[in-house]
Amino acid sequence: MSPNIAVTTGSWFFNPGARDWACPPAPAEAASFHAGLPGYAPTPLLELPGLAAEWGVGRVVVKDESTRFGLPAFKSLGVSYAIYRVICDHAGETVRPADLPGLREMLGSLPRLDLVTATDGNHGRAVARFARLLGIRAHVFVPDVVSPGAVEAIRAEQAEVTVLADDYDATVRSASEAAESRSSAVLLQDTAWPGYEEIPQWIVDGYSTLLVELDAQLGATGPSLVVVPMGVGSLAQAVVTHYRSREQRAALLGVEPDTAACIQTGLASGRPCTVQTGSTIMAGLNCGTPSSLAWPYLRDGLDAVVAVSDEQAAGAARELAALGVSSGPCGAATLAAARAVLAEAAPSRRAALGLSADSTIALLNTEGAHETRR
Ligand SMILES: Cc1ncc(COP(=O)(O)O)c(C=O)c1O
């Protein structure tokens, strides 16, 4: 359970060796798979010159995931690629169809396949959407802290939804048990644990497209600092994989809610651990246990982690809205985190991340504005 480490608003953990750590790259196949899907387009990269001037850096950019495949979050990148890999795996094919009609045809020759998952909103909606597009049934388990609007959005994709009076970790266990009880069901979860790692890795591989796009949009210089929101840490695993497998080595900063800081707590105590979660408006980050796959990447390859409050995330979302960027609290948490390290009161953090007047800071705005619930 939770070690005796208190993470509070603004707490930060820094790993001086992270920039020198290296790992193999993600498979290149994910980006080409996504490019073949209907409705694919790189999400916009928005420039925030006012913030760059305020912080005394070269550029501040926002990778805006509020319109990914017509859904308001980045999650469909991982979901679509993982469903594709699951179907090909079931068919035992080495030559894989690269589009939805090809996958539908492949499904036609297979025994029934249903998808089961747990979510705190965005992941489940993406699973439901791609299941519907492929004519597969989806059963989505949701903790009751998730907003009614998010639950309705999943139902609107024709998924069966079960709302549980439990936290996220317990909801994941229920989804896993439900999947095990039906031979046709496959658990499509965006977090891993020992014995369940193949599908979560495909989801992480799918996220790599976001970073391939970011690099192409930024050009040769690439980002100096990437700020990523963390729930179980799968997206951050993709960020670490990307920037620790190439010459250009950006500094990487993860951000968590101060009420669900399982990754910072684990880093500070030297081992992965579970923390008690409560309620936060950063619903997608309200996770008590890091993904077992993500953990070694976060431990070794992430430069720093900072915890932010609901008030800071809500303020950052309002600030981004005023700048014309649609962001929910999870996405806006990256702005709150950048403030926490670039504030005048924190010069040592800025120096630790190697930031200078030429630096480019990339904020991953992982979701668009939506109704929130605490
Ligand atoms: C909008 C948003 N941002 C970030 C995350 C964090 O992703 P991960 O759980 O992979 O760390 C989530 C997860 O649900 C999310 O919904």
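The values are calculated or read from the model by the stated rules, or taken from the named source; none is laboratory data. Computed from a prediction, not measured in an experiment: that's the story for all the values here. Reconstructed Cβ throughout: ideal geometry from the backbone, glycine too, with neighbour counts over all protein chains shown.
Listed here are the residues, each with its yes/no results for (1) within 20 Å of Ser291 (Cβ to Cβ); (2) touching a Leu at 6+ places or on another chain (Cβ under 7 Å).
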{"site": "Thr119", "(1), (2)": "yes, no"}
{"site": "Arg129", "(1), (2)": "no, yes"}
{"site": "Ile136", "(1), (2)": "no, yes"}
{"site": "Pro143", "(1), (2)": "yes, yes"}
{"site": "Ile154", "(1), (2)": "no, no"}
{"site": "Glu157", "(1), (2)": "no, no"}
{"site": "Thr162", "(1), (2)": "no, no"}
{"site": "Ala165", "(1), (2)": "no, no"}
{"site": "Tyr168", "(1), (2)": "yes, no"}
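Just checking, does the range 57-70 include any residue being within 16 Å of the ligand (Cβ to nearest atom), assigned by TED's automatic domain parsing to the domain that holds Ala28 and hydrophobic (A, V, I, L, M, F, W, C)?
yes
Just the residues that are in contact with a Gly (Cβ under 7 Å, 6 or more places away or on another chain) and either among the aromatic types (Phe, Trp, Tyr) or surrounded by fewer than 24 Cβ atoms within 10 Å (Cβ to Cβ) (or both), please, taken from the range 243-262.
Within the range 243-262, Arg244, Gln248, Ala251, Thr259 meet the criteria.
Quick grid of which residues meet (1) part of a strand (DSSP E or B); (2) more than 17 Å from Val186 (Cα to Cα); (3) touching a strand residue (DSSP E or B) at 6+ places or on another chain (Cβ under 8 Å):
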| position | (1), (2), (3) |
| --- | --- |
| Val116 | yes, no, yes |
| Ala128 | no, no, yes |
| Ala131 | no, no, yes |
| Ile136 | no, no, yes |
| Val140 | yes, no, yes |
| Val145 | no, yes, no |
| Ile154 | no, yes, yes |
| Glu157 | no, yes, yes |
| Thr162 | yes, no, yes |
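Let me spell it out: the conditions are (1) more than 22 Å from Phe14 (Cβ to Cβ); (2) modelled with pLDDT of 95 or more, and Thr259 meets all of them except one. Which number is the exception?
Here Thr259 meets the rest and fails (1).
Would you confirm whether or not the range 336-351 contains a residue that is at pLDDT 95 or above, within 25 Å of Ala283 (Cβ to Cβ) and within 14 Å of the ligand (Cβ to nearest atom)?
Yes: one or more hits.
Give, as residue ranges, the strands (runs of 3 or more DSSP E) completely inside the range 9-90 that count at least 2 residues that are over 23 Å from Glu247 (Cα atoms).
Output list reads 12-14, 45-47.
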